[in-house]
Every structure is written in structure tokens, then in C-alpha cells.
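See structure below.
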Amino acid sequence: MPKLLNLSIVAAVTVLVSTGAFAQKAGDNIVSLGLASINPDANLGTVTSTSASAASAAAFTAQLKGASASVGSQTAVSFGWLHMYTDNIGAELGLGIPAEFTQDLNTPNGTVKAHPGAAKLKILTPAVIAKYFFGVPKDQWRPYVGLGVTHVTFNDVKINAADATVKALASTSASFKSAWAPIYSAGVVYNIDEKWSVVGSVAYLPIKTTATFVGPGSGVQVTSTGDVKLNTTDYVVRVGYRF
């Protein structure tokens, strides 16, 4: 009986060790799906206006002096495809369904100072991230750090034409220039078994873009431009499957 018990213990240990050996090793491909909480911290730089009418341009420049903007947080579906080149180094392609963000505007020198919901826009940030995993493939918990790059595009920009100031500023067109941005990330993977895992991560994206607004002004077309920083923090939770 003791001999049989010893054999059972050895067999159980062998199963546990062999199961752990399947986690994030060279040659693995892991797809993951989950949710991302996207939290931009917006900073609007100096806005300059130009126009065929110098008076109109000067009036808009004065009104927009010290203007600030804020962009609300959103939750979006997040997808990742990780390929492991070694037991510790991998590269991941990250994609997400673009969520619609709401931008509020504050113009301290305007007659009406607060402009909630001044614009809505979709932000797309496909990314490639190199990751270094600590530990060894048999570990159930594997923390990692990552460094990558994203190409940010701003789509479907819609302004609130019901707001008179926003309409005068941007009812003709509103756009944000696409931009490249670095990604700094860290996270941890919990390996459930040889196929399934759960990953939680945080990433920081210092995004810089230029906003261009064209509007009718007070009767003469005015073009206004300003630099925008979107220092964005993403929190992601995904379920992964190895194949």
C-alpha cells in the first residue's frame, strides 16, 4: 500500500510539472481577449487662429487664450496576439474596438466658459509591444515588462453644433493629426493550465497630436490650431488561449 501511495504522489507531481512547462515558452502563440479601461489626461496647448479678417482671428485667439480640454474615460474590447521567440522574450500585436470619447472644452475668456460634450471622436491605437517575462515557463505566475509603439488615429470627429461657440469654432471641420507614440507597460500572467491563462496589465501612452478646427467665426472663416497631449493610462484584463 505505501508503494502504491508513493507511485501516486510521483505521478501527481509529474503531471503538475509537465502542465506548468507549457506556459509562455519559445514558439508559443497566445491569443487573448478582454476589456481595456482607457483613461486619457488631456492637455490643450496654446490655440492660434488665422483668418482673412485679422479682427476675427484676433478675437478668436483672445477667446481661446488659456482654453483647456478634457477627455472622458472609456471601456473597450481588447485583443492581443503574443508570439514567444524565447522562453522569456515575446512580441505582441494589440488591437481594440475603437471607443467613442467625449471631449469637453473650457474657454475662460469666452462669454460662455464651459462647453461640455464639445466633440465626440473615436481613437484607434493598434500597437506592437516587445515583452520580457520573468521566471521560467513552468511558473504559474509570470510578471513582465514591455516597451512598444502605437500609431494613433482619430476618426469620426463630431462637434456639438448646438453650442454656439463650438459651432463658430469648428462646424466646417474638426480633425486631429495621426501620431506615433511609445508604450510603456507592465503586467502579470496567471497560467490556469497548459492552454488557458489570465493577464492583467497597465500601460502608459504619452500621445501628442495637433488639433485643427475650421469654422465660420462671426461671418468670416477662421482656422484654429493647437497642440494636444493625451497622456493615456490603460488598464487591461484579458483571458488568453495558447495554441
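Read the figures in this text as sums done on the coordinates, not as results from a lab. Keep in mind that this is a model prediction, so the values were computed, not measured. Ideal geometry is used to build each Cβ from the backbone, glycine not excepted, and the neighbour counts take in all protein chains shown.
For Ser185, the shell of other residues with beta-carbons less than 10 Å away shows a net charge of -1, using +1 for Lys and Arg and -1 for Asp and Glu.
Here mean projected area of the Cα convex hull in nm² was calculated from the structure, and among (1) 18.1; (2) 12.8; (3) 15.3 it sits at label (3).
From the largest down, region 134-243 spans 69, 23, 20 angstrom on the principal axes of its Cα atoms. The H on the amide N of Gln24, modeled in the peptide plane, is under 5 Å from the matching H of no residue at least 5 residues off or on a different chain. Note on region 117-243: with charges restricted to the Cβ of Lys and Arg (+1) and Asp and Glu (-1), its dipole about the Cα centre is near 100 debye. Full extension of the chain between Tyr85 and Ser73 yields a length gain of 0.9 nm, computed as 0.36 nm times the residue separation minus the alpha carbon distance. Using only the alpha-carbon atoms, how far is helix 54-63 inclined from the longest principal axis of the chain? Give it as 0 to 90 degrees, nearest 10. That helix lies at roughly 50 degrees to the long axis.
Taking the C-alpha atoms only, the angle from helix 2-20 to the longest principal axis of the chain is near 30 degrees. Charge tally for Gly148 (other residues, Cβ to Cβ under 11 Å; Lys, Arg +1; Asp, Glu -1): 0. Couplings 3J(HN,Hα) for region 86-103, derived from phi with the Karplus relation 6.51 cos²θ - 1.76 cosθ + 1.60 (θ = phi - 60°), are 9, 5, 10, 10, x, 10, 10, 9, x, 9, x, 6, x, 8, 8, 9, 10, 10 Hz, where x marks Gly and Pro.
In order along region 161-175, the Karplus-derived 3J(HN,Hα) couplings, from 6.51 cos²θ - 1.76 cosθ + 1.60 at θ = phi - 60°, round to 6, 6, 8, 4, 5, 5, 4, 5, 7, 9, 6, 6, 6, 8, 8 Hz, and Gly and Pro are given as x.
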